[in-house]
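For reference, the structure is listed below as C-alpha cells.
The values are calculated or read from the model by the stated rules, or taken from the named source; none is laboratory data. Every value quoted in this text rests on a predicted model; they were computed, and no experiment measured them. Reconstructed Cβ throughout: ideal geometry from the backbone, glycine too, with neighbour counts over all protein chains shown. SASA here: full protein model, heavy atoms, side chains in, ligands and nucleic acids out. Shrake-Rupley method; radii C 1.70, N 1.55, O 1.52, S 1.80 Å.
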Amino acid sequence: MFETQPVPKSASTLALLGLVVVAWGLNWVVMKLAVHDVPPLWAVTIRTALAAAVLIPELFAFGKLQWPARADYPIVMVISLLHMVAFAALMTVGLTYVSAGRAIVLGYTTPLWVAPAALFFLGERMSTKQAIGAGVGLVGLLLLVGPNAFDWSSRRAILGHCLPILAALCWSASIVYTRVHRWIGTPLSLMPWQCLLASLVLAVLAVSIEGPQPTRIGLAATLALLYNGIIGTALGFWAMTVVTRRVPANTAALGVLATPVVGIGLAALVLGERLDPVLLGSALLIMIGVAIGLRSRS
C-alpha cells in the first residue's frame, strides 16, 4: 500500500520525484511497443482502466476507499481530464508519428508554460538560478524543433511534434491548478476516481474515433499496457501529485525535466532508436538546466 503520511518530506519528496522520472521515462518507451498492436486512444484507455482496477480494490481492502468530498470535485476533474486524458492521449497519438525519444522530450516542455502561469496565477517568482536552469533546459528542448531538426514539409512530422507540445500545455495547466487547490482528501484517496473518470472519457473518445475495442493483443503490447497501468499510471500519477503539492510548481516542473533524459536512453536501449547529435545535444542541455534549477532549491 502506498505511504500516505508525510514522513521526512525532503527525503520522501526526492524519492518520489526519482520514482516519477524513471517510471515515466520507461512509460512512453513501452507505450511505443503497445501502439504497434493497439490504437493509441484504446491503449491509453486500457492502461488507465487497469490503474483504476488496481487502486479501487486495494483501497477498499485497507478501508480507505471513500467518495471524494464536494470540495475536491474540481481537482478530480482537472487531473483526470487535463493530465490523464489530454496529456496521455496526445502523447500516445504523437508516438505514432515520431520516435519515442523525440516525443518524450517534446512532451516535457512543461516548464515553458508552467513558469509564466505560476507567476501570473500563483505569484511564484523564479530565483535567478531557477530562471537560468529553465532557460538552458528549454534551449535544449527547442533544438528539436529547429529548421533542420526534422522534415517541415511532412504533415505527419509536424503533427508528431505539435501533439506532444499541446500535451505539455495541458499538463502545465494541471500542475498550476494542483498547487492552488485546497485539498480535502489525499492524492491516493482521489486517484481511483480520477482514473475511473479518465477511463470513461477515454473509452468514449476511443469508440468514437477508433471504433470497437481491439480483441487480439500481442504479448509485448499486453506487458506494456500492464506496466503502463500499474506503474506508469497508478503509481506514477499518485507520486507526481504528492510532489506537486509539496514543492513550488516551477521546482516540480524542473525536476521532471530529467524524465526525457531517462526516456531517450531507454528508447535507444529497448527500441534501438538512433541517438542523433541533435537529440544528444538536447539531452545534455536538459541535464545542465535541471542541475542548475534544482541546485537553487537544495
| request: Being open to solvent by 50 Å² or more (accessible area, probe 1.4 Å) and either outside any helix (DSSP H, G or I) or not hydroxyl-bearing (Ser, Thr, Tyr) (or both) is the filter; apply it to segment 70-86 and report the residue that is nearest to Cys170 (Cα to Cα). | output: Leu82
| field | Every residue from segment 225-261 that is at pLDDT 85 or above, surrounded by fewer than 22 Cβ atoms within 10 Å (Cβ to Cβ) and among the hydrophobic types (A, V, I, L, M, F, W, C) | value | Leu226, Ile230, Ile231
| task | Scan segment 136-179 for residues that are over 22 Å from Tyr97 (Cα atoms), open to solvent by less than 20 Å² (accessible area, probe 1.4 Å), at pLDDT 80 or above and not hydrophobic (A, V, I, L, M, F, W, C) and jot them down. | result | Ser172, Ser174, Thr178
| request: For segment 145-154, indicate whether the set of residues that are of a type in the set (D, E, K, R) and in contact with a Pro (Cβ under 9 Å, 6 or more places away or on another chain) is non-empty. | output: no
| request: Scan Val105, Val93 and give me the residue that is open to solvent by less than 10 Å² (accessible area, probe 1.4 Å), in a helix (DSSP H, G or I) and within 29 Å of Leu223 (Cβ to Cβ). | output: Val105
| said: Name the single residue that is farthest from Leu205 (Cα to Cα) among those in segment 7-57 being of a type in the set (D, E, K, R) and in a helix (DSSP H, G or I). | reply: Lys9
| said: Cβ-Cβ distance below 6 Å, separation of 6 or more or different chains: which pairs start in segment 203-229 with a residue that is touching a residue at least 40 places away in the same chain (Cβ under 8 Å) and end on one that is small (Gly, Ala, Ser) and part of a helix (DSSP H, G or I)? | reply: Ala221/Ala34; Ala224/Ala34; Leu225/Ala34; Gly229/Ala51
| request: Output the number of the condition that Trp67 fails; it satisfies all remaining conditions of (1) open to solvent by less than 10 Å² (accessible area, probe 1.4 Å); (2) among the aromatic types (Phe, Trp, Tyr); (3) in a loop (DSSP other than H, G, I, E, B). | output: (1)
| remark: (1) over 25 Å from Tyr73 (Cβ atoms); (2) open to solvent by 80 Å² or more (accessible area, probe 1.4 Å); (3) part of a loop (DSSP other than H, G, I, E, B); (4) out of contact with any Phe, Trp or Tyr (no Cβ under 7 Å at 6 or more places or on another chain) all hold for Ile209 apart from (3)
